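Notes follow once the structure below has been shown.
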Amino acid sequence: MSVINEMRLDFEALPENEAFARLVISGFMLPLDPTMEEMADVKTAVSEAVTNAIVHGYGGGTGFVRLSASYDAAGEMQIRVVDHGRGIDDVARARQPFFTTSPGDDRSGMGFTVMESFMDGLDVESAPGRGTTVCMTKRIRLRDDAVPQRA
Amino acid sequence: MLCYEKKKNALTVRLSGELDHSVVTAIRGELDSLIAQTGAKKLILDLKGLEFMDSSGIGLIIGRYKVMSRRGGSVAVSGTDARIDQLFRMAGIYQLVERLA
Ligand SMILES: Nc1ncnc2c1ncn2[C@@H]1O[C@H](COP(=O)(O)OP(=O)(O)O)[C@@H](O)[C@H]1O
Ligand SMILES: [Mg+2]
């Protein structure tokens, strides 16, 4: 199915931009007329990925996070969160429930698990020193009268 | 500033707004000083007023569970909606923390 809408946003790796990213993705998906549940799933997953970029990717240092998203006429959303921070050496281990490299800060290690449960697909590409790309898929169930169309 | 109430040994704290990484450090600091000040044996977190929560909330609860356990106390949560429930179950929180109506 071909993409009918697309967005890209670059923002500084600052904690106050976590709420901003959630607001942006909620606004972007509105034409799909999602349920509250679907909207909350996507907001939560984006919050997790963006927080990871800020907290782990840049670790308090400066840098930019890119949030991009698209959807097709069937209501399938693709969301991507990219940082150019420190990267992950063992992605499989990082994705395990409760695994965290910063337990002292009360991080739960549940971020990737949350993304996986709330979305329909999760893919993580990363290498030490090369940053991290998180790709997520979410299928929004379209109501009969609300099929989005490109004008 | 958090809204709280102390009755006997129980400290009830109401959280509101959006609970994410950007606010969790401040909330954690306030909670821990309230726990120390009041000497409460039971911490009840009322989450009814929360509009958003991600895994930062899971970390906050598990962290307070550790703090209260060290003091020989316990933690309970109330006002959890279906979504927060789902997050807590995912992390096995209800094995550590009582869920009140
Ligand atoms: N963007 C990222 N850059 C570097 N490391 C990351 C990134 N995202 C996740 N990680 C690593 O994966 C671990 C698990 O992430 P997550 O499941 O979100 O748990 P938490 O954020 O609570 O530690 C993190 O502790 C960190 O080591
Ligand atoms: Mg995380």
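Throughout, read-outs are computed from the coordinates displayed, never taken from laboratory work. Quantities reported herein were computed from a predicted structural model and do not represent experimental measurements. Methodologically, a virtual Cβ is constructed for each residue, glycine included, from the backbone with ideal geometry; neighbour enumeration extends over all protein chains shown.
General observations
- The simple spin-label model puts a point 7 Å past each Cα toward its Cβ; for residue B:95 and residue A:96 those points are separated by 1.5 nm.
- Under a Gaussian network description of chain A, with springs only between Cα atoms under 10 Å, the residue in A:18, A:37, A:76 that fluctuates furthest is A:37.
- The Rg/Rh ratio for the stretch B:2-99 is 0.92, where Rg is the radius of gyration of the alpha carbons and Rh is the Kirkwood radius.
- Mean residue ellipticity, 222 nm, helices only, chain B: the sum of -39500 (n - 2.57) across DSSP H runs of n ≥ 4, divided by residue count and rounded to 500, is -14000 deg cm²/dmol.
- 15 Å Cα cut-off, lysine pairs counted over the protein assembly as shown (separation 8 or more, or different chains): 9
- Legend: mean number of C-beta atoms from other chains within 10 angstrom of residue C-beta atoms, peptide B:72-84, equals 1.
- Looking at the stretch A:21-98, the pairs of alpha carbons with a distance over 18 Å make up 47% of the total.
- Computed log₁₀ I(q)/I(0) - Debye formula, equal Cα scatterers, no solvent, the stretch A:3-139, q 0.09, 0.13, 0.14, 0.15 Å⁻¹: -0.24, -0.51, -0.59, -0.68
- The calculated FRET efficiency for residue B:78 paired with residue A:64, based on their beta-carbon distance and R0 = 51 Å, is about 0.80.
- With eigenvalues of the C-alpha gyration tensor scaled by 5 and rooted, the protein assembly as shown, Å: 34, 21, 15
- Amide H contacts under 5 Å for residue B:75, placed H, 5+ residues apart: B:43, B:98
- Highest-first arrangement of A:43-50, B:92-99, where packing means the average Cβ count within 10 Å: A:43-50, B:92-99
- Applying the Karplus relation 6.51 cos²θ - 1.76 cosθ + 1.60 with θ = phi - 60° to the stretch A:133-144 yields 3J(HN,Hα) values of 10, 10, 10, 10, 10, 9, 8, 8, 6, 7, 7, 3 Hz, where x marks Gly and Pro.
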